[in-house]
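What follows is a single structure, written as structure tokens, with notes after it.
Please treat every number below as a calculation from the coordinates, not as lab data. Fair warning: this is a prediction, and the values are worked out from it, not measured in the lab. We place every Cβ from the backbone using ideal geometry, glycine too, and count neighbours over all the protein chains shown.
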Amino acid sequence: MNSFDERAAQWDENPERLIRAQDAARSIRNHVPLDSTWTAMEYGCGTGLVGFLLQPFLGHLVMADSSSGMLAVLQEKIDRAGVTNMTCLKLDLATDPAPSQLFQLIFTSMTLHHVADTLGLLKRFYDLLADGGYLAVVDLDAEDGWFHGEDFTGHKGFDRAVLKDRVHQAGFVNAIYHDLAPLTKNTLVGMRTFPLFLLVAHK
Ligand SMILES: C[S@@+](CC[C@H](N)C(=O)[O-])C[C@H]1O[C@@H](n2cnc3c(N)ncnc32)[C@H](O)[C@@H]1O
């Protein structure tokens with residue numbers, strides 16, 4: 001059981017996460033021309049806080065995550081809501097074979113900083129997108145490490161210029177940043193504010 005499995009049942013109880021998901025979904029809707037004919041994938045979907053808000057504007061949505069616990073909570077929410085265009089998929093693109101279908105949109109929120117090989121993941125996203133498809137990444141700007149605390153081994157947010165280069169290196173074009181509302185969080189060193197971005201790029 002990983003730490004996300006353990007936290008899955010309580011994930012939606014944090015109102016901050018709901019606000020962040022609403023802001024992420026609103027910004028993706030504002031900057032990507034979502035279409036009801038599209039099949040999209042949310043990578044690192046967790047309990048589906050962002051995906052549920054975008055699902056009404058898409059044809060089908062594959063909800064991918066490496067945590068069985070998160071996906072179990074999400075499947076229960078999908079069943080309870082009677083939503084028919086969302087499918088759960090246990091997937092870690094660092095180790096698992098990629099799905100065989102192509103997507104018109106891949107979006108990911110607050111997940112990239114947990115992935116060691118970001119360039120490798122971006123290249124796999126590129127291969128999974130249909131020509132002209134969109135990539136949308138919501139994540140933290142570079143921070144001093146207090147977002148997760150001392151033992152965290154992932155990325156301390158992202159320098160925008162470095163990530164943009166990496167996105168272009170993976171094959172994408174026209175990567176553009178949009179500011180999201182910053183996130184205020186109680187950390188080990190008190191209340192801190194963390195800037196967030198949405199990056200949108202095209203295949
Ligand atoms: C901070 S949570 C964000 C969840 C959701 N996107 C949200 O905004 O509420 C990060 C999610 O990424 C998933 N995750 C972490 N590493 C992953 C990987 N290598 N492949 C797929 N999912 C991963 C975790 O299981 C977790 O659900």
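What to note about this one:
- By the Kirkwood approach, averaging reciprocal distances over each pair of separate Cα atoms, the range 93-178 gets a hydrodynamic radius of 13.7 Å.
- Simple label model, 7 Å out from Cα along Cβ direction - ASN30 to GLU6, nm: 3.7
- Our Cα-only numbers for the range 2-44 put the radius of gyration and Dmax at 13.6, 36 Å.
- The fewest-to-most ranking of SER68, SER3 by surrounding Cβ atoms within 10 Å reads SER3, SER68.
- The order of VAL115, VAL138, VAL162, going from fewest to most other C-beta atoms within 10 Å of their C-beta, is VAL162, VAL115, VAL138.
- Exposure proxy ranking for SER66, SER109, based on other Cβ atoms within 10 angstrom of each Cβ and starting from the fewest, stands as SER66, SER109.
- Cα centroid separation - the range 26-41 against the range 156-203, whole Å: 19
- Amide H contacts of THR47: none lie under 5 Å away among residues 5 or more positions distant or on a separate chain (H built 1.01 Å from N in the peptide plane; Pro and chain starts excluded).
- Taking 25 Å as the straight-line reach from the Cα of LYS77, the lysines in range (excluding those fewer than 8 positions away in the same chain) are LYS90.
- Relative contact order for the range 3-202, counting Cα pairs under 8 Å that sit 6 or more residues apart, in percent: 18
- Radius of gyration and maximum dimension Dmax of the range 131-203, Cα, Å: 13.9, 46
- Considering the range 1-118 at the alpha-carbon level, its Rg and Dmax are found to be 13.5, 38 Å.
- Span per principal axis, largest first, for the Cα atoms of the range 3-202 (Å): 46, 40, 33
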